[in-house]
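Colleague: Here you go, one structure.
The values are calculated or read from the model by the stated rules, or taken from the named source; none is laboratory data. Remember, it's a predicted structure, so these values are computed and weren't measured experimentally. Note that we place each Cβ from the backbone using ideal geometry, even for glycine, and neighbour counts take in every protein chain shown. Ligands, DNA and RNA are stripped out before the accessible areas are found, and what is left, the full protein with its side chains, is counted by its heavy atoms. Shrake-Rupley method; radii C 1.70, N 1.55, O 1.52, S 1.80 Å.
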Amino acid sequence: MTTNREIEGGHEALLARAVGLLDRDAIIVANAGAGKTYLLVEHYFALLEAGLEPAQVVAFTFTEKAANELKERIVARLRMHPGFEGLPDEVLRDYRAKILNGPIGTIHQYCLRIIEASRSAGERAAVKIVDEALESALQESVLRAYLRRRFEAEDPDALRLLRRFGIRDLGLILERYLAFLPMEPEEGMPLPPPEEEERLLLEAVVRLGEPLWEEIQAQKRALGWMSFADMERRALELLQRPPETLKQFLQPIAHILVDEFQDTAPIQIRLVEALRAQGRAEGKRLRLFCVGDPKQSIYRFRDVDRNLLQKTETEILAGGGEKFDFVVNFRSTPEVLGLVNAFSRGAFPEARDSVAQRHSLAESLARLVEIRPEGDGVGAETYSAAEARRVAEAVASRRGETPLDRIAVLYRASSSAGPLIRELQARGIPYSVRGGQNLFERQEILDLHRLVYFLADPADDLSLVGVLRSPLFLLSDAALFFLCRRDPERGLWERLQEPEALETLEREFPQDAAKAAWALARLRRLLALAETRSAHRLIEDWLRREDLGDLYAAAGGGPQALLAIEQWLDWLRALEEDHAPLRLADAARILREVSVLQPNKTPLGDLVASRDSVQLMTIHAAKGLQFDTVFLIGANRRTHVDYPLLQRVGGSLALKLPETGTKKRKTERYDAIESHHGEEDREEAKRLLYVATTRAENRLFVTMDTEKTRAGSLQGLLLECLGEAAEAWRGPLPPAPAPGAAPPAMPPAPEEPSFEAATRIRETSVSELETYLACPLKHHFAYERQVPTKPADLSEVAGATEIGTLLHAALNALHASPGTGTREIVARLLAAQGRDEDPKLARTLVASLDSYLAGPAAATLRGALEDYSELPFLLRLGAGALRGQIDRLLRRDEGWVLVDFKYAGRAHSAEELLESYGFQLKTYALAAERLLREPLRSVQIHVLNRAESQELRFSPDALSAHAELLESLAAQWAAGGAELGAVEARPACLSCPYHRDLSLCPVPKGRPFRAA
Ligand code: SF4
């Protein structure tokens, strides 16, 4: 029998061999907890020691977070690595910079580099990276218009599909087909031939779908949009026929590392292959070093093919490469690994057991915990309530023993978290929820946003239609279409007010008339209340009074809808705490901004977070993390999979056919594909169990339903894979806290901000507050008495301020229509202002824009991962609030960059710019960081007419000092401001127009000011 020590010795030798393998390809299969990142870091250093430069080693990670972590680990190891110890500081600094700027990142980041590198010199960026939400919004609008045209043209395919499926299902089928098109076909399988009708309908789908796809691509090209999938396809095309500039960019590459190889999608594998092929064309052999674990492949929904690792392994071995299996586990105690191994033997017979490197601790434990609900008959506890209660009690019993953020509760579906959250809240146990569906994409949240938009602007017909057809009011599309068509010149809300509108509805759509009347009454009441309440209070009161959360839950959203609404309300409350009690117009504006900026940052539940809190998350969100104690709950729930109408396997399609009413029939071919996917889902569920259980270091508890094991549930799979061994792991949860021990008191609920408080909030602009800081008296002249400092400019000649404003507007227009020429943009702008007769002004603007865009400063604007122009903000400052607008906020590989555009008559040094614009830029940086909830990488000033730029960096200390200054100014102002008669002369008097030009201010002459 092999002992741990022997395995450990073997592990060291294996590690040394894998780390130092530089002359052939390698595939590393590393069980969870085997130190995969350590292995990658050491291999990276072996490459550097062999003489490679960081720029020659391309490393692909699965996420940006993983890329940053890998870079940090490499940089941290730099000083301690034996091969680099004792090197002079400047050499190490140089290495550090090269590593941080080197090609370590996600495949998408590298695709972007490939696309950038393929542009010829001077060519401008003509693409804007868009996320799935924007792409699907575009797709939906193109699809609607496309179908309308095809129906009008009496296209036989469109009509055939419409007759059989109806408009809604036809839309779903085409959307599904569009989703298949960019995917690489997975492994095929023998299938029964389609039934005759199925074949005809499938052919119609293909004939209808292909041109639709082309139309969507053409629209994206026209808009300059590129999705992540487009980026991969474009990079692959470029690699297959690389232009000279790309060949030069690729020339240094010598080695490719791929982390989390099991989660790499087929097109990404082709990208790696294309990189290697390009190397071969240049006479080089690029070595591949892939690290992964097939047992942790849990991204089938992202087109990841679990067989890929196997295929790549076969190819690597056939090409003379080596495979390494790492089984020593540095993470978990023997108790936890005992359960993991027992399960793995049944689930993955081909895999090797993990070997514990850690020792047992007194409290180490791994258990399958049977939960028994309390009570019988009516009023008996449900299983999920009992499970939530017992887990919350077990967490409470560990309070003080284990830091709360080292305890995780994992589940497959977010809805499992609801009952537990209520139990934790009842015990005053703080919690954070992570993972799950993006909050801002959930239907109930979209509807609530539309409601806020409508209440803020009753002329917003689009939002009103969204609200009326939502589960809040449930008006039919036909009735809404009818209402919108009547007198389209006037707004829908205005038309709804007329008694005649309801009377006509009563005649034409009797089922909708009562709903419309109900909606009208509710919305009128909300509009009236909006005059006196903050946005949060208004919406929360209404939702609770009318039980609208339950309505959404009943309408198909289930408990997740309730949870999402609760979290959205929490978030809105927090927003008000940040920004002052919000009037609806401000809430609507901020919701629009945040919905655009935050989607990827706010998955369901990420909103309630605190440092010392129990971590609640989906198993997917837990990947890559580890905790002292892990509870796996909801294991007996079956995930309901509603297989769509159109299915695919290996490039073959099948359809469910309509029968009677809404019923659909599975064809034999469809059934075969569905069984295949069912089996694949089952295999993935085993891998989910492996990922969940291997997150535990010391204690692992899987809760089980004693009454019944549902087929297809995680519990069923776990018990099946454990077989008879399951008995050995059954046991109770640790005891609940002793009866009588009072739960810690809940913190008092924050007081609801009242509208009266809101009236005290004074809003101002950045320049107004800066003027006040320079001199309260100057502020009095400029903003309260509004004394102009110059006579009105009646000439037709544009001054510097006007040119600067026009250049800002032109850049904004270029941002909205990338790829449009500067001449065209300027012509449109001037025409809109009635200045199209001014060729000199047009020439000045075009020349300034062209010189700026061709200069180095504008490079920052190209290739951003996210890019926002003219972003408005409201910065809460105690009793006041600052309004402003950020010229450009961009997310680049290296982090967020804020750009402020200026127009200046002469060159300025960085010090001069800081002196002139420091106040403004620090304020913008503060607002941006509060909005993003993460630090900026840098702030840049771009001087448009001089093609110059300066980069400024504000330390956290500088920004927090600036926030204090703003707060104290706002407080002083709210308290009535400075005593104007006590203002004394100051340096600003030297250039102050109220003294120098207008002789209005007597202070510089030593006389006090007396208000007129
Ligand atoms: S002259 Fe001096 S004191 Fe008077 S308003 Fe101007 S800056 Fe203020």
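Colleague: Among all the lysines, which ones have a C-alpha under 28 Å from K664's C-alpha, if same-chain residues fewer than 8 places away are not counted?
Modeller: Hits, sequence-local ones excluded: K656.
Colleague: Obtain the nm distance between the two label points defined at A728 and D353 by a simple spin-label model: each point lies 7 Å from its Cα along the Cα-to-C-beta direction.
Modeller: Calculated label separation equals 0.8 nm.
Colleague: Using label points projected 7 Å from each Cα along Cα→Cβ, tell me how many nm separate F151 and K323, to one decimal.
Modeller: Roughly 5.5 nm, to one decimal.
Colleague: Ordering F324, F482 by accessible area with a probe of 1.4 Å, largest first, what comes out?
Modeller: F482, F324
Colleague: Using the 2.2 N^0.38 Å rule of thumb for compact globular proteins, work out how segment 180-256 stacks up: its C-alpha Rg over that value, please.
Modeller: 1.61
Colleague: Now, a different point. Please give the length that would be gained between R163 and T801 if that part of the chain were fully extended, namely 0.36 nm times their separation in residues minus their C-alpha to C-alpha distance (nm, one decimal).
Modeller: 223.5 nm
Colleague: Could you state how much accessible area H995 has, in square angstrom rounded to the nearest 10, with a 1.4 Å probe and all protein chains kept in place?
Modeller: The value for H995 is about 50 Å².
Colleague: Mind giving me the FRET efficiency for S767 and E215? R0 is 56 Å, r the Cβ-Cβ distance, nearest 0.05 is fine.
Modeller: Approximately 0.75, to the nearest 0.05.
Colleague: Could you compute how much accessible surface I421 exposes when probed at 1.4 Å, giving the result in Å² to the nearest 10?
Modeller: Counting only protein heavy atoms, the figure is 10 Å².
Colleague: Further question: Provide the packing ranking of 152-163, 194-205, i.e. peptides ordered by the mean count of other C-beta atoms within 10 Å per residue, highest first.
Modeller: 194-205, 152-163
Colleague: Amide H to amide H, which residues 5 or more places from L877 or on other chains are under 5 Å from it, using H placed in the peptide plane?
Modeller: The answer is L882.
Colleague: Quick one: Debye curve from the alpha-carbon atoms of segment 386-538 only, equal weights, vacuum; give me log10 I(q)/I(0) at q = 0.08, 0.17, 0.19, 0.21 Å⁻¹ to two decimals.
Modeller: Values, matching the q order: -0.40, -0.94, -1.08, -1.24.
Colleague: Are there any GluC sites (Glu not before Pro) in segment 28-102 that are in a DSSP loop and have at most 16 other Cβ atoms within 10 Å? List them by number.
Modeller: Qualifying residues, ordered by number: E85.
Colleague: Same structure again: Under a plain spin-label model, where a point goes 7 Å from the Cα along Cα-to-Cβ, how far apart in nm are Q248 and R592?
Modeller: It is 4.4 nm.
Colleague: Mind listing which GluC sites (Glu not before Pro) in segment 395-483 are in a DSSP loop and have 12 or fewer other Cβ atoms within 10 Å?
Modeller: Answer in residue order: E401.
Colleague: Then there is this: Give me the extension gain from E393 to D838: residue separation times 0.36 nm, minus the current Cα-Cα distance, reported in nm with one decimal.
Modeller: In short, 152.6 nm is gained.
Colleague: Amide H of R892: which non-local residues (sequence gap of 5 or more, or other chain) have their own amide H closer than 5 Å, using H built in the peptide plane?
Modeller: Long-range HN contacts for R892: L865, V897.
Colleague: Could you put E12, E684, E370, E350 in order of accessible surface area, largest first, with the 1.4 Å probe and the full protein assembly present?
Modeller: Solvent-accessible surface, decreasing: E350, E12, E370, E684.
Colleague: Return the FRET efficiency for the residue pair A831, R280: r is the Cβ-Cβ distance, R0 is 56 Å, and the value is rounded to the nearest 0.05.
Modeller: 0.55
Colleague: Straight-line reach from K311: which lysines have Cα under 16 Å away, leaving out those fewer than 8 places along the same chain?
Modeller: Correct list for K311: K295, K323.
Colleague: Using alpha carbons only, how many angstrom separate the centre of segment 191-232 from the centre of segment 653-720?
Modeller: Cα centroid to Cα centroid, the span is 29 Å.
Colleague: Compare Y917, Y38, Y44 by solvent-accessible area with a 1.4 Å probe and give them largest first, with all protein chains kept in place.
Modeller: Final ranking, largest accessible area leading: Y38, Y917, Y44.
Colleague: Roughly how much of D671 is accessible, in Å² to the nearest 10, using a 1.4 Å probe?
Modeller: My reading of the accessible area for D671 is about 70 Å².
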